[in-house]
Amino acid sequence: MSRMRSAVKFLLPLGAAGAAVALGRSVLHERRNPEPFPAARARMLESPLVRRQTAKIVESLDLAPGMWVLDVGAGVGRLSVPVATRVGPGGEIVALDIQQEMLDILGKHAAEAGVTNIRMVRAPAGEGALEKNAFDRALLVAVLGEIPADRRLAALREIREALKPDGMLYVLEGPFDPHYQTRKAVAGLAAEAGFKLLATRRLGLTRLYLLVNQ
């Protein structure tokens with residue numbers, strides 16, 4: 001029995017180390033191969049922790065009734081639905097996503113919340129699906145790094161053209177996201193697309209970057 005206990009004590013650290021290595025490899029793979037959050041894991045976006053974080057994000061968006069808001073990579077609508085409530089029936093949310101499964105779930109959530117001012121568009125950012133000079137706010141919440149690197153600049157340029165001259169783009173990045181983008185990366189890419197970084201807001205360990213037209 002004592003030998004078995006000794007073996008277990010020896011193997012437990014090895015197991016932890018192996019898990020850490022596997023996690024590191026997984027994160028590295030996702031960084032090198034960016035892809036949208038899968039619809040099969042959509043339930044993870046509905047946890048109490050995510051809902052609390054979402055509430056903090058919405059409080060930081062400088063919204064007003066009647067605004068038009070673009071939610072890029074809207075997913076299941078964790079932001080689209082509460083933002084639609086904030087801007088009211090006089091405003092509109094365009095929820096852009098490339099996964100129809102996500103948009104289907106978003107539609108159900110909107111119906112359950114009694115929200116009718118969300119327009120869903122299935123398309124990738126950067127391929128001309130957005131109206132120009134139409135939006136007061138645009139959101140990229142944990143999405144920028146999911147866009148393939150060779151398409152990020154085109155996506156940001158399309159978003160800038162979709163915003164009104166005084167419109168604002170919010171980019172949120174958190175360190176636990178495998179597609180996490182640093183402040184330097186966000187600011188550099190934004191500048192190349194015609195934005196300037198106006199402010200950074202802290203939401204716990206995450207950062208919310210406020211970008212405006214240069």
Self-check item: Eligible aspartates and glutamates near Lys108 by straight Cα distance, threshold 14 Å, same-chain separation 8 or greater
Solution: Glu46
Self-check item: Proximal lysines to Lys132, defined as alpha-carbon separation beneath 17 angstrom and excluding residues fewer than eight positions away on the same chain
Solution: Lys164
Quiz item: How do Ser80, Ser60 rank when sorted from fewest to most other Cβ atoms within 10 Å of their own Cβ?
Solution: Ser60, Ser80
Quiz item: Cβ under 10 Å from Phe195's Cβ, Phe195 left aside: what net charge do those residues give with Lys, Arg +1 and Asp, Glu -1?
Solution: +2
Quiz item: Suppose every K and R has +1 on its Cβ and every D and E has -1 on its Cβ; what is the size of the dipole of region 36-213 about the Cα centre, in Debye to the nearest 20?
Solution: 520 debye
Quiz item: Based on DSSP, what percent of beta bridges with both residues in region 36-213 are antiparallel, to the nearest 5?
Solution: 40 percent
Practice problem: Taking the Cβ of each residue in Ile147, Ile105 as the centre, tally the other Cβ atoms inside 10 Å and list the residues starting with the fewest. | Solution: Ile105, Ile147
Exercise. Starting from the Cα of Lys196, draw a straight line to each of the aspartates and glutamates and keep only those under 13 Å, dropping any in the same chain fewer than 8 residues away.
Key: Asp166
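If each residue's Cβ is checked for other Cβ atoms within 10 Å, how do Asp136, Asp104 rank with the fewest at the top?
So the ranking, lowest neighbour count to highest, is Asp104, Asp136.
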Quiz item: Long-range amide H contacts for Leu139: which residues qualify at under 5 Å (H placed 1.01 Å from N, peptide plane, sequence gap of 5 or more or a different chain)?
Solution: Leu70, Asp71, Val72, Tyr170
Practice problem: Pull out a ≥ b ≥ c, the square roots of the eigenvalues of the alpha-carbon gyration tensor of region 59-174, then state rounded if a/c is under 1.5, prolate if not and a/b is larger than b/c, and oblate in the remaining case. | Solution: oblate
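Computed from the coordinates by the stated procedures, all read-outs in this text should not be read as laboratory data. Small disclaimer: the values here were computed from a predicted structure and weren't measured. Every residue, glycine among them, receives a Cβ derived from its backbone with ideal geometry; neighbour counts consider all protein chains shown.
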